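The values are calculated or read from the model by the stated rules, or taken from the named source; none is laboratory data. Computed from a prediction, not measured in an experiment: that's the story for all the values here. A quick note on method: Cβ atoms are made from the backbone with ideal geometry, for glycine too, and the neighbour counts reach across all protein chains shown. The area values use the complete protein model at the heavy-atom level, side chains included, leaving out ligands, DNA and RNA. Shrake-Rupley method; radii C 1.70, N 1.55, O 1.52, S 1.80 Å.
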Amino acid sequence: MNQVEALQAALAGEHAALYGVGVAGGKLSGARFRAANDTFESHRDNRDRLSALLVAAGETPVAAEPAYDLPLAVNTAATASALILIIERRIAAVYGDLVEAAEQPAVRAFAIESLLAVAASQLTWGGAPVAFPGATP
Amino acid sequence: MPDRRLSRRTVVVTAALVPGAVALSGCKDDPAAGAGTPGAVNGKPSTSRAPAEETPAVDPAVVAALSGAATLVTQLSQLYATAARRFPALRAQLAAGAKYHVSHLAKLKETQGVAAQATKTAVPASSQAALAAIAKQEKAAAVAHAAAAAKLSGAPARLLAEIAAAETQLGTTLAPGKKKDNA
């Protein structure tokens, strides 16, 4: 995987994350809803930064799909939180790939920053520390 | 574009979020990393060694960065061990971090030439102060390893970034006053 491929994969992941967190947010309220909103905003920022990096590289950013199949049914606050945790874990691996594939320091720095951010976010959504967040499952 | 639609529906979040990529096992010695200079010192390649015996040199900058990380991880491991010995009530809380740092050190040492320097660690007198000290050191290590990762590339950069991410999680989890979230 080269840098452009990893950037496109990360962007596709962010599109999917935005969809999933959006769905989950609909089942949350109060502090959890606000946390979901923060998570959504950070994924939106990442999506925009990834798009900008791809455009700067002369590439066309991959577009979002109209809808995504979710790995679990979201019908309660608990399943909504569980979905966001799954998303944060999966996107950590995508950023791990981007750290490895990055050829430019700015891309690598962004990937590292994002990996650390989603690793921290996993704790917000009920996750426990793991030995290698961002490792390919 | 039927192919595209098919992949969209089947791959979903899973594929979008987890593209097939080299697993962390790719962090093992990268034979390509230092290849290309066999026999460079003597002017001609040695013919007496079988190919299987040749050990490509790893970039000294990578070895230095990973050795620095190994030293820091060793310090953390010692801190965990001393704290767990002095405050048995903390053992359960410290078990995961202690185990993860053993894994980190083992992974770092898979790269040829990487070595950790032994250092002394002091543990505070109370269990809460010890926890706070470990959390603080985890966060400091995360910053150091993230910075080191940014200066490398490829698998070594990823390894250091993942270690930094784990330390971020451990530092947050062990910090005193950490509120339990209700998932």
Next item on the list: Could you tell me which of rounded, prolate or oblate describes region A:48-137, using a ≥ b ≥ c as the square roots of the eigenvalues of the alpha-carbon gyration tensor, with rounded for a/c under 1.5 and, failing that, prolate when a/b is larger than b/c and oblate otherwise?
Entry: oblate
Checklist line | Surface accessible to a 1.4 Å probe, per residue, for the residues of region B:82-180, Å² | finding: 47 Å²
Next item on the list: Report, to the nearest 10°, how far helix A:3-25 tilts away from the longest principal axis of the Cα atoms in chain A, using its own Cα long axis and a range of 0 to 90°.
Entry: 10 degrees
Next item on the list: Please give the FRET efficiency for B:Gln112 paired with B:Ala147, using the beta carbon to beta carbon distance and R0 = 25 Å, rounded to the nearest 0.05.
Entry: 0.60
Notebook entry, point to check: List for region B:70-103: residues with 50 Å² or greater reduction in accessible area, all protein chains versus chain alone, probe 1.4 Å?
Noted result: B:Tyr100
Note to self: Per-residue Cβ counts within 10 Å, from other chains only, averaged over A:95-104: what number is that?
What the structure shows: 6
Margin query: If you roll a 1.4 angstrom probe over the protein chains with everything in place, what fraction of the accessible area of chain A belongs to carbon and sulfur, to the nearest %?
Written below: 55 percent
Item checked: Gain on full stretching of the segment that runs from A:Ala128 to A:Leu72 - 0.36 nm per residue minus C-alpha separation -> 18.2 nm
Notebook entry, point to check: Counting partner chain Cβ atoms within 10 Å of every residue's Cβ in A:118-125, what's the average?
Noted result: 4
Check: Taking the Cα-to-Cβ direction at B:Gln128 and at B:Ala92 and moving 7 Å from each Cα, how far apart do the two end points lie in nm?
Finding: 2.0 nm
Notebook entry, point to check: To the nearest whole number, what is the average tally of beta carbon atoms from other chains within 10 Å of the beta carbons of peptide B:141-150?
Noted result: 3
Check: Can you give the extra length, in nm with one decimal, that the chain gains between A:Arg34 and A:Ala56 once fully stretched, where that is 0.36 nm per residue apart less the Cα-Cα distance?
Finding: 4.6 nm
Notebook entry, point to check: Which residues does a label at B:Lys120 reach in region B:58-85, if reach means a backbone N under 15 Å from a point 7 Å past the Cα toward the Cβ?
Noted result: B:79
Checklist line | Added length on full extension, which subtracts the Cα-Cα distance from 0.36 nm per residue, A:Val4 to A:Ala64 | finding: 19.9 nm
Checklist line | Estimated buried accessible area (total), pair A and B, 1.4 Å, Å² to nearest 100 | finding: 3700 Å²
